[in-house]
Amino acid sequence: METELNRRGARPALVALDWGTSSLRAFLMDAAGAVVAERASSQGLRHLPQPGHAGFTQALSAIAGDWLRDGPRLPLVACGMVGSAQGWREAPYVGCPADVTTLAAHAARVDDALGRPLWIAPGLLYAPGNEPPDVMRGEEIQIAGALARQPQWARRACLVLPGTHSKWAWVEDGRVTTFRTAMTGEVYAVLRQHSLLGQLMSEGESEPAVAAAAFNQGVERARASRPGDLTHELFAVRTLGLTGRLPGPALADYLSGLLIGHEIVSALAQPGMAAPDEMPLLLVGEAALSRRYAQALAAFGRAPAAELGNTAPQGLWRFAGAAGLIGAAA
């Protein structure tokens, strides 16, 4: 929903884009970092009007062309898969530890059809020793936005970003030092849609109380598990349905709780997580999924310090400020 700028007397200072694989969101922001207008489009990387530079240019014009015409000197920044190797211009990963100043120093530039520069935030790479590397792209900007909400969180915190590929990121002194990715959302989707487990999952939703009980049952099964139990426990999604101990629609909730629970078991076993007073947990992302993670965390006695929603706009504003773009616009 877009706010009428003239009613608020807002003075735009930045156009910020959260540009992913399947969607594009645009934010018009003022010099104080407030969102004064917001738009969404389905023209992510996979759904451009045509391939290559021309397609990106058309998608940008469609979602923010009037903002840019009315404010020809407004700086333009972006995060997400638009900076991947398949994006408009690759912004190579930078290594941890890194903060928003590091991201700004390694921004990539691409010019639109009118020669206006678009500054793209790089992703983060975590490559500890001989262990497999881990990457994120887009979440680093959400983390920057989350830390802007409460400066004390920048001292030391763990940020949980649920999603298709959930991220757990550890921050010290404002810098992301380590992070871990769990493919929980993708595994859930694959098992539900393309495996034997999904055959008993009825369409539709359970009654709220039944769904919550099934989800909690899955979380508790994960919490009581032993190393290596997951593949055995997954088969229970089928047997609970075959024996009638869970109704068909509730099997998906049980599977969700089981997978999220195992993700949490693994994450809480990481160094430093045993002292909750010293390591507050922050949930960042879509509200319904964050609530589900908060429900699961409660079973482990780890209530999140905050559920922050989408913090990408504030992160993009901080990125633009670190790049020296906001002052000129204001």
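The values are calculated or read from the model by the stated rules, or taken from the named source; none is laboratory data. Please read these numbers as outputs of a predicted model, since none were measured by experiment. Every residue, glycine as well, gets a Cβ built from its backbone with ideal geometry; the counts of neighbours run over all protein chains shown. Ligands, DNA and RNA are excluded from the accessible area calculation, which covers all protein heavy atoms including side chains. Shrake-Rupley method; radii C 1.70, N 1.55, O 1.52, S 1.80 Å.
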Some residue of region 218-230 being open to solvent by less than 60 Å² (accessible area, probe 1.4 Å) and within 27 Å of N310 (Cβ to Cβ): yes
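May I ask you to verify whether R180 is modelled with pLDDT of 95 or more and under 20 Å from S290 (Cα atoms)? Steps first, please.
Values: modelled with pLDDT of 95 or more: yes; under 20 Å from S290 (Cα atoms): yes.
For R180, the condition - modelled with pLDDT of 95 or more and under 20 Å from S290 (Cα atoms) - is met.
Looking only at region 152-169, count how many residues are assigned to a strand (DSSP E or B) and open to solvent by 20 Å² or more (accessible area, probe 1.4 Å). Walk me through how you get there before you give the answer.
Filtering region 152-169 down to residues assigned to a strand (DSSP E or B) leaves 156-161, 166-169.
Restricting the remaining residues to those that are open to solvent by 20 Å² or more (accessible area, probe 1.4 Å) gives 156.
Matching residues across region 152-169 total 1.
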Every pair of residues 6+ apart whose Cβ atoms lie under 6 Å, when the first sits in region 45-66 and is assigned by the TED database to the domain that holds F27 while the second is of a type in the set (A, V, I, L, M) and assigned to a helix (DSSP H, G or I): L45/M81; L48/A59
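What's the total number of residues in region 127-151 that are open to solvent by less than 20 Å² (accessible area, probe 1.4 Å) and part of a loop (DSSP other than H, G, I, E, B)? Break it down stepwise before answering.
Applying the first criterion (open to solvent by less than 20 Å² (accessible area, probe 1.4 Å)) to region 127-151 yields 136, 138, 140-141, 143-147.
Retained after the next criterion (residues that are part of a loop (DSSP other than H, G, I, E, B)): 138.
Here the count works out to 1.
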Pairs, first assigned by the TED database to the domain that holds A189 and over 12 Å from Q217 (Cβ atoms) in region 235-260, second in a helix (DSSP H, G or I) and β-branched (V, I, T), C-beta under 9 Å, six or more apart: P247/V210; P249/V210; A252/V237; L259/T184; L259/V187; I260/T184; I260/V219
Strands (runs of 3 or more DSSP E) wholly inside region 22-126 that include at least 2 residues being in contact with a Leu (Cβ under 6 Å, 6 or more places away or on another chain): 24-30, 35-41, 76-79
Among residues of region 70-104, those that are open to solvent by less than 20 Å² (accessible area, probe 1.4 Å) and either among the basic types (K, R) or under 20 Å from the mean Cα position of the chain (by Cα) (or both), counted: 14
